[in-house]
1. For the peptides 18-26, 49-57, 94-102, what is the packing order when you average, over each peptide's residues, the other Cβ atoms within 10 Å and list the highest mean first?
2. If you scale each eigenvalue of the Cα gyration tensor by 5 and take the root, what three semi-axes come out for segment 59-110, rounded to whole angstrom and sorted largest first?
3. Tell me, 61, 16 in order of fewest to most beta-carbon neighbours within 10 Å?
4. Tally the DSSP beta bridges in the chain and give the antiparallel ones as a percent, rounded to 5.
5. On the first, second and third principal axes, largest extent first, how far apart are the outermost C-alpha atoms of segment 25-161 in Å?
6. Using a ≥ b ≥ c from the Cα gyration tensor of segment 94-148 (square roots of the eigenvalues), is it rounded, prolate or oblate, where a/c under 1.5 gives rounded and otherwise the larger of a/b and b/c decides, a/b for prolate?
7. Rounded to the nearest 500, what is the 222 nm mean residue ellipticity of the chain from helices alone, with -39500 (n - 2.57) per DSSP H run of 4+ residues and division by all residues?
8. Over segment 13-55, with a single point scatterer placed on each C-alpha, what log10 of the ratio I(q)/I(0) does the Debye formula yield at q = 0.24, 0.28, 0.29 1/Å?
């Protein structure tokens, strides 16, 4: 179970900021800059209620088999995960260790915010590029008996990437697609 405490995420861009659309479907992805850092926001509706989406997210490490873009999820503490993202050859995988915090907003939106941390149980290795700056949040908003999922992340993939825009599109799409699959459903609309 996640800790129900706030995590400082002052850098997360506001909804009313200046965003540029890079993809409309199957999920809508927009990107912006905050203090020189790139952020992207991916939004899609999945065919599962909020309770299912949040329960699945809270036990993400138990759903690794449904995650096409993730090669490893290890729970280090109740609110700390080590996540290894599977990048295609010849690129190196990326990984990060993050502390998650859960809160519920007045409109019923469930928010899981994360910030990067160092953890002795997940030292950096030569097998992956460690993303020590990666931060963001997942938002699960009721949409009838479905869930509007919004994923906001600090979108610097680290290392040398020939097409960063393609990586951001893939990351934003696969994050919501993999979560929907773990919930036993699919993306129903952007």
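1. Working: 18-26: 13.0, 49-57: 19.0, 94-102: 21.1.
The most tightly packed comes first, giving 94-102, 49-57, 18-26.
2. Numbers: eigenvalues 128, 33, 24 Å².
Working from the Cα gyration tensor, I get semi-axes of 25, 13, 11 Å.
3. By the 10 Å Cβ count, ascending, the order reads 16, 61.
4. Taking every DSSP beta bridge within the chain, about 95 percent pair in antiparallel fashion.
5. Principal axes ranked by extent give 45, 32, 28 Å for the Cα atoms.
6. The shape class here is prolate.
7. -5000 deg cm²/dmol
8. These q points yield log10 I(q)/I(0) values of -0.83, -0.93, -0.96.
Since every read-out is calculated from the coordinates, none of them should be taken as a lab result. The model shown is predicted, which means the values in this text are computed figures rather than measured ones. Neighbour counts run over all protein chains shown; Cβ positions are idealised from the backbone, glycine included.
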